[in-house]
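To start, the structure under review is shown below, and the notes come after it.
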Amino acid sequence: MDYQTARQMFGLPELMDVSSVLVIEPHPDDNEVGAGGTVKRWCDQGTRVTYLTVTDGRAGAEVQSAYGTTASSSPNAVVTMADMVRIRRAERQDANRILGVEESYNLGFEDGGNWSEYQLMSTLVALIRQFRPELVMTVDPWTPYESHPDHVKTGKAVAAALIYAKNRVMFRDQGEPCAVPQAAFYGSAYPNVYIDVTDTWEDKLKAMKAHVSQFDIPEWPMLSQYFTGEAERLYRDHLGERSDGRAEAFKALISMQLHFFPDAVRS
Ligand SMILES: [Zn+2]
């Protein structure tokens with residue numbers, strides 16, 4: 001059964017028509033990279049958008065010379081983990097202002113730390129039951145070659161949390177059970193929904209750039225060109241002829257497809 005058939009069968013809204021969405025990212029900046037244009041559209045139309053950032057971003061300090069370009073700041077400059085946490089918290093707020101995200105929380109897990117998927121999942125069960133969103137969005141942990149443990153653990157923990165959030169006997173002290181009808185994954189190798197973000201594309205790039213510690217880098221012109229080229233290709237392939245059209249792609253599933261649906265990958 002494909003997603004659109006399943007969605008219609010259960011009378012569920014299209015992604016742009018949900019009234020509330022919880023967008024869960026491993027690191028401060030992932031939501032912008034994966035879904036910034038769509039998030040801006042939701043905020044503009046009054047959809048309730050809540051951000052959860054799993055980790056504190058303390059590890060977000062890489063040397064940029066690996067690609068043969070000159071680092072904008074000295075790779076030997078002393079940046080402590082505490083500095084990075086503070087910097088990235090402020091950058092998250094800056095990006096939120098650009099997109100119009102008013103509710104945003106950091107769960108404080110250690111960036112790159114040895115925390116378990118189960119620990120995160122149980123934290124998320126309580127939060128999902130508290131926020132009770134119509135849609136949960138996060139990174140796709142099943143994209144082949146995705147090697148960042150924080151991304152894999154986050155995506156899987158979110159999917160598992162959707163299963164347990166609706167359970168009436170598990171996590172009884174974590175709030176009233178809540179069945180979230182749909183999930184959507186960004187950064188997916190198996191997208192099945194394409195959102196027109198032509199009008200919000202510049203805001204997405206601006207919000208990405210607000211993460212100065214991550215994107216104020218010599219590679220930014222190449223990176224932004226790559227993202228834009230991809231968005232144009234997605235638009236042309238799936239939405240229409242407009243040469244300046246831009247799209248973001250998601251793997252959407254109704255929650256039932258998150259368990260014992262071997263054809264979900266083709267959905
Ligand atoms: Zn990340």
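Can you give me the P(r) profile for the range 1-160? Cα pairs, bins 5 angstrom wide beginning at 0, each as a whole percent.
Result, from short to long distances: 2, 8, 16, 18, 20, 17, 10, 5, 3, 1, 1, 0 percent.
Quick one: ranking ARG88, ARG58, ARG172, ARG48 by accessible area, 1.4 Å probe, largest first, what do you get?
Values: ARG88 5, ARG58 70, ARG172 180, ARG48 110 Å².
Largest to smallest exposure gives the sequence ARG172, ARG48, ARG58, ARG88.
Viscosity 1.567 mPa s, temperature 4 °C: what is the translational diffusion coefficient of the range 89-149 from Stokes-Einstein with a Kirkwood Rh over Cα pairs, rounded to a whole number of µm²/s?
Working: Rh = 14.1 Å.
Rounded to a whole number, D works out at 92 µm²/s.
For the chain, which whole-number percentage of the solvent-accessible area (1.4 Å probe, protein heavy atoms only) is attributable to carbon and sulfur atoms?
Numbers: 6600 of 12880 Å².
Using a 1.4 Å probe with all protein chains present, the chain comes out at 51 percent carbon and sulfur.
In 5 Å bins starting at 0, how do the alpha-carbon pair distances of the range 3-266 split up by percent?
Spelled out per bin, shortest first, that is 1, 6, 13, 17, 20, 18, 13, 7, 4, 2, 0, 0.
Largest first, please: the extent of the C-alpha atoms of the range 116-267 along each principal axis, to the nearest Å.
In descending order, the Cα extents are 52, 35, 28 Å.
Any chance you could count the Lys pairs in the range 3-266 whose alpha carbons are under 19 Å apart, treating pairs 8 or more apart or on different chains as valid?
Details: LYS40/LYS204; LYS40/LYS206; LYS40/LYS209; LYS40/LYS251; LYS153/LYS251; LYS156/LYS166; LYS156/LYS251.
The number of close lysine pairs in the range 3-266 is 7.
For the range 181-249, how big is the tail of P(r) above 21 Å, as a whole percent of Cα pairs?
That fraction is 30 percent.
Which chymotrypsin sites (Phe, Trp or Tyr not before Pro) in the range 205-267 pass both tests, a DSSP loop state and at most 10 other beta-carbon atoms within 10 Å? Each step should come with its number before you reach the end.
Details: sites: PHE215, TYR226, PHE227, TYR235, PHE250, PHE260; in loops: PHE260.
Answer by residue number: PHE260.
Okay, which of the range 35-58 sit inside 16 Å, backbone N to the point 7 Å along the Cα-Cβ direction of ARG236?
none
May I ask you to rank TYR145, TYR190, TYR3 by accessible area, largest first, using a 1.4 Å probe over the protein chains only? Please list the in-between numbers first.
Values: TYR145 215, TYR190 80, TYR3 5 Å².
Putting TYR145, TYR190, TYR3 in descending order of accessible area: TYR145, TYR190, TYR3.
In nanometres, what is the gap between the two model label sites at GLU62 and LYS166, each 7 Å from Cα along Cα-to-Cβ?
3.7 nm
Nothing charged except the Cβ atoms of Lys and Arg (+1) and of Asp and Glu (-1): what's the magnitude of the dipole of the range 3-266 about its Cα centre? Round to the nearest 20 debye. Mind dumping the intermediate values first?
Details: 26 positive and 36 negative charges, 139 e Å.
Computed about the Cα centre, the dipole is about 660 debye.
How many percent of the alpha carbon pairs in the range 74-124 exceed a separation of 14 Å? Could the numbers behind the result be given before it?
Values: 847 of 1275 pairs.
Beyond 14 Å sits 66 percent of the P(r) for the range 74-124.
Of the listed peptides 132-140, 93-101, 11-19, 31-39, what is their order by residue-averaged count of other C-beta atoms within 10 Å, with the highest listed first? Walk me through the numbers before you get to the answer.
Details: 132-140: 23.6, 93-101: 19.0, 11-19: 14.3, 31-39: 27.2.
Ranked by mean Cβ neighbours within 10 Å, highest first: 31-39, 132-140, 93-101, 11-19.
Using a Förster radius of 45 Å, what is the FRET efficiency between GLU176 and GLN225 based on their Cβ-Cβ separation? Nearest 0.05, please. Don't skip to the end; give the middle numbers.
Working: r = 47 Å, r/R0 = 1.05.
Calculated value: 0.45.
The values are calculated or read from the model by the stated rules, or taken from the named source; none is laboratory data. Given the structure is predicted, the values throughout are model-derived calculations rather than measurements. All Cβ positions, even for glycine, are placed from backbone atoms using ideal geometry, and neighbour counts span all protein chains on display. These area figures cover heavy atoms from the full protein model, side chains too; ligands, DNA and RNA do not enter into them. Shrake-Rupley method; radii C 1.70, N 1.55, O 1.52, S 1.80 Å.
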